[in-house]
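Okay, structure first, notes after.
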Amino acid sequence: MSSVLITGGASGLGAALVHRFVREGWSVGVLDRRPELPDDLARLERRGVLAFESGDAADHSAYDRLVSEMSARFGSIDALIANAAVWDYSRALLDMTPEELDAGFDQLFAVNVKGYLVAAHALAPALAESGGAMVLTLSNAALYPGGGGPLYVASKHAGVGIVRQLAYELAPQVRVNAVAPAGMATALSGPPGLGQGEQRFDEVWDGAAFAARVPLGFVPEVADYVEAFIYLADREKSRAVTGIVLPVELGLGVRGIRNVAGGVRRDRN
Ligand SMILES: NC(=O)c1ccc[n+]([C@@H]2O[C@H](COP(=O)([O-])OP(=O)(O)OC[C@H]3O[C@@H](n4cnc5c(N)ncnc54)[C@H](O)[C@@H]3O)[C@@H](O)[C@H]2O)c1
């Protein structure tokens with residue numbers, strides 16, 4: 001049986017990935033700073049297919065504990081999904097005080113960049129042994145400006161560097177790829193140093209406005225993104241793929257210079 005460690009697996013995209021991997025027959029380890037799992041995931045824990053560690057995604061010792069538990073219970077570890085992150089609510093550079101810039105940078109990069117590197121460092125030996133894969137959750141903000149402020153966009157661009165460098169360093173034993181999703185209604189929060197620790201993305205996101213800007217023209221759901229992770233995590237499906245960032249973004253990158261979606265405008269029909 002295969003197993004996967006998912007950071008930030010207690011909410012949003014990470015939780016959807018937990019359910020999907022379990023449906024595919026995988027066992028799952030979740031590392032999340034939340035103290036407890038939501039009910040639906042706690043049920044999976046009681047079924048014996050989920051191991052949970054409450055801790056920080058940049059804390060080496062949290063991985064040590066979870067990796068030993070997963071190895072003891074599930075045998076090999078076959079994939080890492082580095083997914084826990086925070087947003088910056090598009091706070092522009094000049095809208096930050098010097099103190100906010102300092103604290104916001106330290107806190108956001110600690111999760112979005114250091115957290116991914118620490119996860120990779122902790123899991124590389126187990127994945128080298130199993131011939132496994134790392135998949136990073138990046139974002140359209142890893143590829144284009146405007147999906148956040150400079151802190152978030154820089155952190156997700158840094159993720160592209162992590163993918164390329166680690167794909168190179170860890171080959172041939174471990175494949176390293178990323179998925180770059182676009183928007184979805186989740187509880188995504190921000191750094192406390194920007195006053196965003198308690199904010200939730202689903203309270204501010206205008207899905208309809210997003211849909212109007214992208215060629216595919218619909219409001220994406222978390223479920224629209226999970227298949228790409230399964231593909232990149234599963235060596236049976238993607239053993240020839242490493243070092244890529246797979247955009248799953250409703251055509252955001254090919255929208256051209258017009259702001260409306262697509263070549264077939266609905267008002268022409
Ligand atoms: N929501 C979107 O529109 C969107 C768009 C593109 C990319 N993403 C990316 O998707 C990923 C998942 O985010 P989400 O939208 O599901 O948000 P979410 O807040 O619902 O889930 C993130 C999880 O990570 C956990 N977490 C945050 N900081 C942590 C830390 N320091 N240590 C351990 N756990 C921590 C949170 O507790 C939460 O359970 C992130 O990488 C985010 O950048 C989200």
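Tabulated results
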| read-out | value |
| --- | --- |
| Added length on full extension, which subtracts the Cα-Cα distance from 0.36 nm per residue, Ala171 to Asp64 | 36.2 nm |
| Dipole of the chain, positive end: most advanced residue of Ala182, Ala240, Leu31 [Cβ charges, Cα centre] | Ala240 |
| Protein accessible area in segment 138-192, 1.4 Å probe - carbon and sulfur % | 61 |
| Centre separation in Å (Cα based) which lies between segment 29-102 and segment 210-260 | 23 |
| Pairwise label distance in nanometres, Arg239 with Ala212, each label 7 Å out on the Cα-Cβ vector | 4.9 |
| Rg ratio (alpha-carbon, reference 2.2 N^0.38 Å) - the chain | 0.99 |
| Label-point gap, in nm, between Thr97 and Met1 - each point 7 angstrom along Cα→Cβ | 5.2 |
| Placed amide H near Gly29: partners under 5 Å, 5+ positions off or other chain | Val4, Leu5, Ile6, Ala51 |
| Karplus (6.51, -1.76, 1.60) ³J(HN,Hα), θ = phi - 60°, over segment 229-236, in Hz, Gly and Pro reported as x | 5, 4, 4, 6, 7, 9, 5, 5 |
| Under-5 Å amide H pairs with Asp88, H placed in peptide plane, nonlocal only | Gly149, Tyr152 |
| Dipole magnitude (debye, nearest 20) for the chain, charges at Cβ of Lys, Arg, Asp, Glu | 1020 |
| Accessible surface, segment 4-161, averaged per residue in Å² (probe 1.4 Å) | 40 |
| Rg/Rg_globular for segment 48-154, with Rg_globular taken as 2.2 N^0.38 Å and Rg from C-alpha atoms | 1.25 |
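The values are calculated or read from the model by the stated rules, or taken from the named source; none is laboratory data. Because the structure is predicted, anything quoted here is derived from the model rather than measured. Every residue, glycine among them, receives a Cβ derived from its backbone with ideal geometry; neighbour counts consider all protein chains shown. Quick note on the areas: whole protein, heavy atoms, side chains included, nothing else; ligands and nucleic acids left out. Shrake-Rupley method; radii C 1.70, N 1.55, O 1.52, S 1.80 Å.
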